[in-house]
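One structure is given here, and the rest of the page talks about it.
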Amino acid sequence: MIHLKGQTALITGSTLGVGRAIAEAFAEAGANVVLHSRKAGPDSEAALAACRKHGVRTEFIAADLTEPTHVVVPQLFQRTLAVFDRPTILVNNAGRYFDVPFEEMTLDLFEKTMRLNVTSGYFLTQAFAKFWQQNKIDGRVLFIGSINGRLAEEQSTAYDTSKGAMEMMVKTLAVALAPKNIRVNGMAPGLVITPQTSWVKDRPDDATWIKHHTPDGQIPSADVCAPAAVFLCSDAAAHVHGQMLLVDGGMSALQQPSRGDYFKRS
């Protein structure tokens with residue numbers, strides 16, 4: 001049976017969407033969980049309650065990862081150690097898009113995107129990796145990417161760039177850390193329903209077209225991502241390093257859907 005008993009995980013961006021689904025699944029699998037988001041509120045309280053009902057210890061830390069990395073990352077790491085002195089899993093899930101059309105992109109927005117989606121995860125992994133090596137802990141790191149790291153959208157130039165960078169970061173950190181008993185992998189969801197993708201409910205034509213681009217024809221809830229995350233951080237994936245598992249209904253495998261079938265159905 002795949003489980004996470006005896007493990008303790010920090011999951012960034014874990015009070016909503018994919019992060020919360022992963023946090024609840026980790027708790028159900030037996031892991032203690034450190035929840036994180038930019039600020040405390042009703043979402044963090046609800047996530048704490050959902051995880052604690054599985055009988056594991058769950059704590060919450062607020063930290064804004066769009067702030068300067070050299071300040072916020074050490075603070076988040078030290079606060080994690082203050083509540084759990086031997087964390088074993090890091091899930092770098094926090095991420096957002098701040099995209100505007102390419103011609104209107106500013107340096108501030110681009111750097112904010114990269115700081116949240118790439119830089120914070122890189123240096124948070126560094127902090128954990130140093131700690132794990134010093135304390136002889138076999139660490140596990142999971143980056144949550146996106147299908148946008150493989151397939152581009154014209155209005156998401158900064159976001160897509162950040163997710164593409166994350167995919168290579170998974171590979172290069174896996175190569176650097178595997179000899180030190182630290183596993184690094186990634187998971188890339190396709191379009192799933194989260195607060196950031198709630199627009200799907202108000203744009204039925206777009207939703208229909210996206211489903212047509214997805215072989216299984218689904219736009220599911222974020223819960224579909226959770227089992228893959230549990231697997232990649234469990235002992236069952238002990239020989240899995242540097243992989244980006246796409247949970248996308250087959251979208252990344254499809255070159256071009258048939259337009260004729262789509263228009264017949266419409």
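How do the pairs read when you match residues in region 42-65 that are within 14 Å of ILE11 (Cβ to Cβ) and acidic (Asp, Glu) with residues anywhere that are at pLDDT 95 or above and not in a helix (DSSP H, G or I), using Cβ under 8 Å and keeping only pairs 6 or more apart or on different chains? So the pair list comes out as ASP43/THR15; ASP43/LEU16; ASP43/SER37; GLU59/VAL33; GLU59/VAL34; GLU59/LEU35; GLU59/PHE84.
Tally time: how many residues in region 126-147 are in a loop (DSSP other than H, G, I, E, B) and more than 11 Å from the chain's Cα centre (by Cα)? Walk me through how you get there before you give the answer.
Initially, region 126-147 is screened for residues in a loop (DSSP other than H, G, I, E, B), giving 135-138, 145-146.
Filter again for more than 11 Å from the chain's Cα centre (by Cα), leaving 135-138.
Count: 4.
Annotation note: of ALA40, ALA21, ALA50, ALA27, the sole residue that is farther than 19 Å from LEU81 by Cβ, part of a helix (DSSP H, G or I) and over 18 Å from the mean Cα position of the chain (by Cα) is ALA50.
Filtering THR106, THR113 for residues that are modelled with pLDDT of 95 or more and either surrounded by 15 or more Cβ atoms within 10 Å (Cβ to Cβ) or touching a helix residue (DSSP H, G or I) at 6+ places or on another chain (Cβ under 7 Å) (or both) leaves a single hit, THR113. Against the numbered list (1) buried (at least 18 other Cβ atoms within 10 Å of the Cβ); (2) of a type outside the set (Lys, Arg); (3) within 27 Å of GLU111 (Cβ to Cβ), ALA47 comes up short only at (3). Taking region 133-166 as the range and being buried (at least 17 other Cβ atoms within 10 Å of the Cβ) and among the acidic types (Asp, Glu) as the test, only ASP160 passes.
For region 108-125, a residue qualifies if it is of a type in the set (A, V, I, L, M, F, W, C) and within 19 Å of the chain's Cα centre (by Cα), and the qualifying residues are MET114, LEU116, VAL118, PHE123, LEU124. Quick check on my filter: what residues within region 166-180 are closer than 17 Å to ALA237 by Cβ and either of a type in the set (Phe, Trp, Tyr) or in contact with a strand residue (DSSP E or B) (Cβ under 7 Å, 6 or more places away or on another chain) (or both)? Matches in region 166-180: VAL170, LEU173, ALA174, LEU177.
VAL224 passes every criterion in (1) in contact with a Gly (Cβ under 7 Å, 6 or more places away or on another chain); (2) touching a residue at least 24 places away in the same chain (Cβ under 8 Å) apart from (1). In summary, helices (runs of 4 or more DSSP H) completely within region 154-262 and bearing 2 or more residues that are under 30 Å from THR88 (Cβ atoms) and at pLDDT 95 or above occur at 157-177, 226-233.
Mind checking which residues of region 193-221 are of a type in the set (Gly, Ala, Ser) and either without any contact (Cβ under 8 Å) to a residue 40 or more places away in the chain or more than 20 Å from ARG96 (Cα to Cα) (or both)? The answer is SER198, ALA207, GLY217. Considering each residue of region 51-65 in turn, at least one proves to be among the acidic types (Asp, Glu), within 30 Å of ALA158 (Cα to Cα) and out of contact with any Gly (no Cβ under 8 Å at 6 or more places or on another chain). Among the residues of region 125-132, at least one is closer than 22 Å to VAL240 by Cβ, among the polar types (S, T, N, Q) and surrounded by fewer than 17 Cβ atoms within 10 Å (Cβ to Cβ).
The values are calculated or read from the model by the stated rules, or taken from the named source; none is laboratory data. None of the values given here were measured: they were computed from a predicted structure. All Cβ positions, even for glycine, are placed from backbone atoms using ideal geometry, and neighbour counts span all protein chains on display.
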